[in-house]
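Okay, structure first, notes after.
Read-outs: derived from the displayed coordinates by stated rules, not from any lab. Keep in mind the model is a prediction, meaning the values are calculated, not measured. Using ideal geometry, Cβ is built from the backbone for each residue, glycine included, and neighbour counts are taken over all protein chains shown.
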């Protein structure tokens, strides 16, 4: 039976993974287009069960029509639904966006708070989106645990968990805080374009010698 990897070697391996991905993917960033924290929050709600590319085709018209939290709170439901229809689940998404706008007006003067716990208490903002906002809208460290993060952290042997929040807590102990945002974007982009769910492109991957999943398949 293989001996479990201890904490120090695991941290060193994680640091090497991030170093290689930084070189492999020079532009580590969220692929949703936005110019304000509110725009990113709305785009993130639209991105549920939808690709970032499709969301980016929809949001220019949305952001042109609705510029403030109050605009979203007072939006005509049918008009908003029409604008976002191609992102899927558009009725629920429109409801969440309008509720978010109303909550921001009522609780925060129409502005998104720069605080993780306050963000997760807003309509439509789960922990993943809250961390995304902290990282990309406010420039603070954030561990953004999406489906790619779950898959890759499992494959790389950094977690056995399937729950996103539990994985986030494990990574907080493994990854230095200043690297949380780069880790989030590096693994997500690597999972999106290389370490695919069904047919990972291992021949294009710079991490094979660090990857238990590759070793098991070899």
Exercise. How about segment 96-138: which of its residues are surrounded by fewer than 16 Cβ atoms within 10 Å (Cβ to Cβ) and within 14 Å of residue 48 (Cβ to Cβ)?
Worked result: 123
Exercise. Under the condition of being touching a residue at least 24 places away in the same chain (Cβ under 8 Å) and in a loop (DSSP other than H, G, I, E, B), which residue from segment 72-87 is nearest to residue 105 (Cα to Cα)?
Worked result: 74
Exercise. Of the residues 97, 145, 125, which single one is touching a residue at least 40 places away in the same chain (Cβ under 8 Å) and not in a helix (DSSP H, G or I)?
Worked result: 125
Problem set entry | Filter result (under 16 Å from residue 136 (Cβ atoms) and free of Cβ contacts under 8 Å to residues at least 12 places away in the same chain) within segment 107-119 | 113, 115
For this session: Give the residue, chosen from 68, 36, 87, 82, that is within 19 Å of the chain's Cα centre (by Cα) and more than 21 Å from residue 140 (Cβ to Cβ).
Result: 87
